[in-house]
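Reading through the structure tokens given below for one structure.
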Amino acid sequence: MFDDLPVGLTARHPSDADHPRILAVLDAWWGGFKGEAGSVERALLLPRLYFQHFTTTSFLVERDSAEIAAFLVGFLSQTDPDAAYVHFVGVDPALHGHGVARTLYNAFFALARTHGRRYVHCITSPENTGSRAFHTRLGFRASGVRPDYDGPGLDRVAFTIDLSG
């Protein structure tokens with residue numbers, strides 16, 4: 001599933017112990033995006049429960065030194081038997097352009113297909129132009145900006161990819 005990772009990187013499913021390790025890299029990887037409010041928002045998007053209850057559908061990439069290089073937190077929809085959802089993805093900026101995020105998404109797509117899922121959904125903030133461009137390159141269809149999607153002032157762009165095509 002992870003044959004496309006660059007040399008020196010390995011992938012596994014995350015564990016509860018990885019939660020604080022991932023929170024520790026968020027601000028550096030997002031370069032202070034949206035300031036202090038963005039820092040709080042990112043931390044709130046990754047509560048420990050994802051590292052307790054969604055480990056078999058999530059992935060963690062580490063360097064040979066055990067330093068975190070990337071992660072994808074995803075799950076199979078409990079409501080829609082055709083859908084899976086990518087909740088949060090992060091890649092060390094030093095690895096941008098090396099195919100790490102694409103490899104994580106492809107692994108998640110394979111996992112979703114194995115469980116009979118046809119669609120994968122995700123969201124990003126309208127200001128995150130890099131994320132928007134990346135998802136479009138992967139083949140996701142984007143919605144327009146959805147005002148207050150995650151609450152007052154928390155606009156989002158929603159993405160969907162059809163795995164059957």
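Of the residues Arg146, Arg141, Arg117, the single one that is buried (at least 17 other Cβ atoms within 10 Å of the Cβ) and among the charged types (D, E, K, R) is Arg117.
Beta carbons closer than 7 Å, at least 6 apart along the sequence or on distinct chains, pair a first residue in the range 149-165 that is under 21 Å from Leu111 (Cβ atoms) and of a type outside the set (A, V, I, L, M, F, W, C) with a second that is modelled with pLDDT of 95 or more and surrounded by 13 or more Cβ atoms within 10 Å (Cβ to Cβ) for Thr160/Tyr119; Thr160/His121; Thr160/Phe140; Asp162/Arg118; Asp162/Tyr119; Ser164/Arg118. Just one of the numbered conditions (1) surrounded by 12 or more Cβ atoms within 10 Å (Cβ to Cβ); (2) free of Cβ contacts under 8 Å to residues at least 12 places away in the same chain is not true of Leu5: (2). One residue alone among Ala84, Ala158, Ala142 is out of contact with any Leu (no Cβ under 9 Å at 6 or more places or on another chain), at pLDDT 95 or above and closer than 18 Å to Leu45 by Cβ, and that residue is Ala158.
Scanning the range 19-53 for residues that are assigned to a helix (DSSP H, G or I) and closer than 22 Å to Asn106 by Cα, we see that the one that is most open to solvent (accessible area, probe 1.4 Å) is His53.
On the basis of being among the hydroxyl-bearing types (Ser, Thr, Tyr) and either open to solvent by 50 Å² or more (accessible area, probe 1.4 Å) or in contact with a Phe, Trp or Tyr (Cβ under 6 Å, 6 or more places away or on another chain) (or both), does Ser65 make the cut? Full working, then the answer.
Details: among the hydroxyl-bearing types (Ser, Thr, Tyr): yes; either open to solvent by 50 Å² or more (accessible area, probe 1.4 Å) or in contact with a Phe, Trp or Tyr (Cβ under 6 Å, 6 or more places away or on another chain) (or both): yes.
Yes; evaluated as a whole, the condition is true for this residue.
Residues of the range 141-159 that are in contact with a Ser or Thr (Cβ under 9 Å, 6 or more places away or on another chain) and either assigned to a strand (DSSP E or B) or over 28 Å from Ala37 (Cα atoms) (or both): Arg141, Ala142, Ser143, Arg156, Val157, Ala158, Phe159. If you filter the range 109-133 down to residues that are in a helix (DSSP H, G or I) and within 23 Å of Ala24 (Cβ to Cβ), you find that the one that is nearest to the chain's Cα centre (by Cα) is Ser131. Filter the range 81-107 down to residues that are of a type outside the set (Phe, Trp, Tyr), open to solvent by 30 Å² or more (accessible area, probe 1.4 Å) and closer than 20 Å to Leu49 by Cβ and give me whichever is nearest to the chain's Cα centre (by Cα). Checking each candidate, the answer is Val89.
The values are calculated or read from the model by the stated rules, or taken from the named source; none is laboratory data. Remember, it's a predicted structure, so these values are computed and weren't measured experimentally. Positions of Cβ are backbone-derived with ideal geometry, glycine not excepted, and every protein chain shown enters the neighbour counts. The protein model used for the area step is the full one, side chains on, heavy atoms only, and it has no ligands, DNA or RNA in it. Shrake-Rupley method; radii C 1.70, N 1.55, O 1.52, S 1.80 Å.
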